[in-house]
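As structure tokens, the structure follows; a few thoughts come after it.
The values are calculated or read from the model by the stated rules, or taken from the named source; none is laboratory data. As the structure is a computational prediction, the values presented were derived from the model and not from experiment. We work out accessible area using only protein heavy atoms, side chains counted, and drop any ligands, DNA or RNA first. Shrake-Rupley method; radii C 1.70, N 1.55, O 1.52, S 1.80 Å.
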Amino acid sequence: MKVLVTGGAGYIGSHTCVELLAAGHEVVVIDNLCNSKEMALQRVRQISGRPLAFVHADLRDAAALAALFREYAFDAVIHFAGLKAVGESVQVPLDYYHNNFIGSLTLCRVMLAAGLRTLVFSSSATVYGDPAALPIREDFPLSATNPYGRTKLFVEEMLRDLQRADDGWNIALLRYFNPAGAHSSGRIGEDPNGVPNNLMPFITQVAIGKQPELLVFGDDYDTPDGTGVRDYIHVVDLAQGHLAALERLMANPGLVTYNLGTGRGYSVLELIHAFERTCERSVPYRVVARRSGDIGLCYADPGLAHAELGWRARFDIEDMVRDSWRWQTCNPDGYT
Ligand code: NAD
Ligand code: UFG
């Protein structure tokens, strides 16, 4: 297949490009590099030993996008491009609505004009808000607690409306839980701008001495040790979930929604201890107040993806901390 990957230079996109190329697909990436480096794509080519085309453009640039669709006869689009920092989305909501919503809308319009209606969309467990029960199933009520989450929810709603209006659309909504880890080569990984927001890159930056200590946001949640519990999923498992979803769309047209998680939650303290044990590095930490907007527990029921896609996560928490640490130590300053 010929696949357009929006946001393919980013963390999850670059790992998905590796899996697509390994499976023999042809890949074209469009990315404006607002949160990534072109070097990630160079490394994807090195890992794969295969070519990959890159177009440096913004998804909201309809003319550039249309030109791309004239140049290539794509079979499908995997749509990662977007802004993802929850805290920042509260500060600059219009940037988030403009990028994430208008970007997705522009993409769909151009796809329709080009006659392509097969799309895999990066959604998030954030669309479940604070879930009433666990593990979280795809049919749980949807809500959002911040502008970033609302952009994901709105795009999901737009795509459901689009598919209801025209059942020629084949759409997979993939709700990721907490991506972690890196490619086993240590060549590609998560390269956050400035101070990381997410737990795993923060842990590796403390361990390597770039951050003095980890602040644990609250130990008074209703969880076994009081700290927040999340379903961490290896980014390579996540990447493979996209290939499985694409295959499903090709064989069974329609709109599908899947949780991509492991089904197992780990607390902040459990993740710290798994890292310390596996990587033989200590992670100094201090418990502080809860982070505004955080929830206590979040983990998936990944049963539907297993039943319908034959997909399940293969990597465990030790693989995630080991691979994140390898990426951090091989690339102490990321791609720069
Ligand atoms: P990332 O920031 O590493 O990758 C996103 C890529 O999109 C970047 O390369 C960025 O430069 C590009 N981009 C952003 N806006 C663009 C635009 N208007 N035009 C072209 N390119 C643009 O993020 P990621 O972690 O790889 O996440 C990928 C997707 O998955 C995002 O949509 C994100 O919201 C979603 N998601 C991420 C997580 C997570 O924790 N990482 C969890 C759930 C969902
Ligand atoms: N945490 C800390 N200290 C830190 C960072 C995080 O204690 O420095 C804690 C959080 O309180 C939470 C857990 O670690 O309990 C995980 O936090 P992350 O920021 O890594 O991840 P979140 O679950 O808050 O959110 C992530 C993405 C969202 C996405 C969501 C569900 O950032 O975009 O997973 O997929 F929506």
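For V27, the residues whose modelled amide H falls within less than 5 Å of its own, excluding neighbours fewer than 5 places apart on the same chain, are V3, A53. Here the Karplus relation 6.51 cos²θ - 1.76 cosθ + 1.60, evaluated at θ = phi - 60°, turns the backbone of the range 219-227 into coupling constants of 10, 10, 7, 7, 9, x, 10, x, 9 Hz, with x for every Gly and Pro.
Whenever you get a sec, compute what percent of the accessible area on the range 54-212 sits on carbon and sulfur atoms (1.4 Å probe).
Working: 3500 of 6740 Å².
Answer for the range 54-212: carbon and sulfur cover 52 percent of the accessible area.
Using only Cα atoms, tell me the angle between helix 62-71 and the longest principal axis of the chain; keep it within 0 to 90° and round to the nearest 10. Once rounded, one gets 70 degrees.
Annotation for the range 47-126 versus the range 243-260: alpha-carbon center distance of 18 Å. With θ taken as phi - 60° and the Karplus curve 6.51 cos²θ - 1.76 cosθ + 1.60 applied, the whole-hertz 3J(HN,Hα) list for the range 104-109 is 5, 5, 4, 4, 4, 4 Hz, x standing for glycine and proline. The number of Lys pairs in the chain with C-alpha atoms less than 25 Å apart, excluding pairs fewer than 8 positions apart on the same chain, is 6. Seen from all directions on average, the range 1-60 presents a Cα convex hull projection of 3.5 nm². For the range 185-326, the fraction of alpha-carbon pairs lying more than 19 Å apart is 57 percent, rounded to a whole number. The residues of the chain expose on average 42 square angstrom of accessible surface per residue, using a 1.4 Å probe on protein heavy atoms.
Based on the Stokes-Einstein relation at 10 °C and a viscosity of 1.306 mPa s, and on the Kirkwood radius from alpha carbon pairs, the range 1-129 is assigned a translational diffusion coefficient of 106 µm²/s. Building the convex hull from the alpha-carbon atoms of the chain and averaging its projection over directions returns 15.5 nm². Taking a ≥ b ≥ c as the square roots of the eigenvalues of the Cα gyration tensor, the range 99-243 is classed as prolate, since a/c reaches at least 1.5 and a/b is larger than b/c. For the range 226-279, what % of the accessible area comes from carbon and sulfur atoms, probe 1.4 Å? Answer for the range 226-279: carbon and sulfur cover 48 percent of the accessible area.
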